[in-house]
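The values are calculated or read from the model by the stated rules, or taken from the named source; none is laboratory data. Quick caveat: nothing in here was measured; it's all calculated off a predicted structure. Cβ coordinates were reconstructed from backbone atoms using ideal geometry, including for glycine residues, and neighbour counts include every protein chain displayed. Accessible surface is based on the protein model in full, side chains and every heavy atom, while ligands, DNA and RNA are left aside. Shrake-Rupley method; radii C 1.70, N 1.55, O 1.52, S 1.80 Å.
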Amino acid sequence: SPLDELVTTAGEAEPTPPIEIAPAPTPVSFFETPQQELLLGNSKELLPELQTLLSSSPLGFLNVVVKTQLGILSAQEFLEKAKITMPLTLQEMLGENVMLFSYRTDNKKRLGIIFELKDTEGAAEQLQSWETTLEQDTKPLWEIVGQKGSAYTPLFRQIAYQGNVVRFQTFSAIDFGIVYTLFGTKFILTTSFESLTRTVDQIIQSR
């Protein structure tokens, strides 16, 4: 009867569509190295947490994977958390991937960042334009590494390494300052010449 058909139809539950769960982003590592997660909660700021981690970081490289409850930070989110001011023209060249790392020798603790660029055309010129404010724009990050010394220079100089131009500004005689290079599609920004050259070596070895 029509009533029976209505009861039967009402009793048939619609199949529940499967819930699609987006895969969790995987930590980015441009070369082989140990990694450590740094989880930022509501009350945790990146820079103080990073300073604490740096005080006990192991010798050599350590990939510092910065996360919140929502997942691993994108390049743009990292800039915000690290309080780095980057010109919009450069920000637009950044891909999603960023690798933050510490590099430690017996008596030196250094930090470095690798951004993957989706567009490298004109990047070298944009970076050199940024040099006029780069020290101030990255000040919160390098201040947790060390203090300026008598060898401080306000200007950038350059040298070649592995066929690439390396630009650097010296803060002290113990290899501390702002050092950067464009290496293929990667923008490498570190706080010492040694940490930059070792990074380039590691990337080459991982190919």
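By DSSP, the beta bridges lying fully in the chain are antiparallel in about 90 percent of cases. Cα gyration tensor of region 20-90, axes a ≥ b ≥ c as square roots of the eigenvalues: rounded (a/c below 1.5), prolate (a/b > b/c) or oblate? Here region 20-90 falls in the rounded category. Report ³J(HN,Hα) in whole Hz for each residue of region 44-57, in order, from the Karplus equation J = 6.51 cos²θ - 1.76 cosθ + 1.60 where θ = phi - 60°; Gly and Pro get x. Listing the rounded values in order: 9, 9, 4, 5, x, 5, 5, 5, 5, 4, 5, 5, 10, 5 Hz.
Listed values for region 28-43 are Karplus-derived 3J(HN,Hα) couplings in whole Hz (6.51 cos²θ - 1.76 cosθ + 1.60, θ = phi - 60°), namely 8, 9, 7, 7, 6, 6, x, 10, 9, 7, 10, 8, 9, x, 4, 9, and x replaces Gly and Pro.
The H on the amide N of Leu40, modeled in the peptide plane, is under 5 Å from the matching H of Lys67, Thr68, each at least 5 residues off or on a different chain.
For region 107-207, the equivalent ellipsoid built from the Cα gyration tensor has semi-axes of 21, 16, 12 Å, listed from largest to smallest. Note on the chain: along the principal axes its Cα atoms extend 96, 39, 33 Å, ordered by decreasing extent. Helical runs (DSSP H, four residues minimum) scored at -39500 (n - 2.57) apiece and divided by the length of the chain put the mean residue ellipticity at 222 nm at -8500 deg cm²/dmol. Evaluate the relative contact order of region 74-123 (contact order divided by residue number), counting alpha-carbon pairs under 8 angstrom at least 6 apart; express in whole percent. RCO, region 74-123: 35 percent.
A 1.4 Å probe run over the chain, with the rest of the protein chains in place, finds 57 Å² accessible per residue. In the elastic network of the chain, a GNM with C-alpha springs shorter than 10 Å, the most mobile of Ile114, Ile178, Ile159 is Ile159. For the chain, the longest piece that avoids every one of the GluC sites (Glu not before Pro) found in DSSP loops with at most 16 other C-beta atoms within 10 Å covers 144-207. The H on the amide N of Gln35, modeled in the peptide plane, is under 5 Å from the matching H of Asn63, each at least 5 residues off or on a different chain. Applying 0.36 nm per residue to the separation of Glu80 and Ser56 and subtracting their alpha-carbon distance, the gain on full extension is 6.2 nm. Taking only protein heavy atoms and a 1.4 Å probe, the accessible area of region 129-173 is 52% carbon and sulfur.
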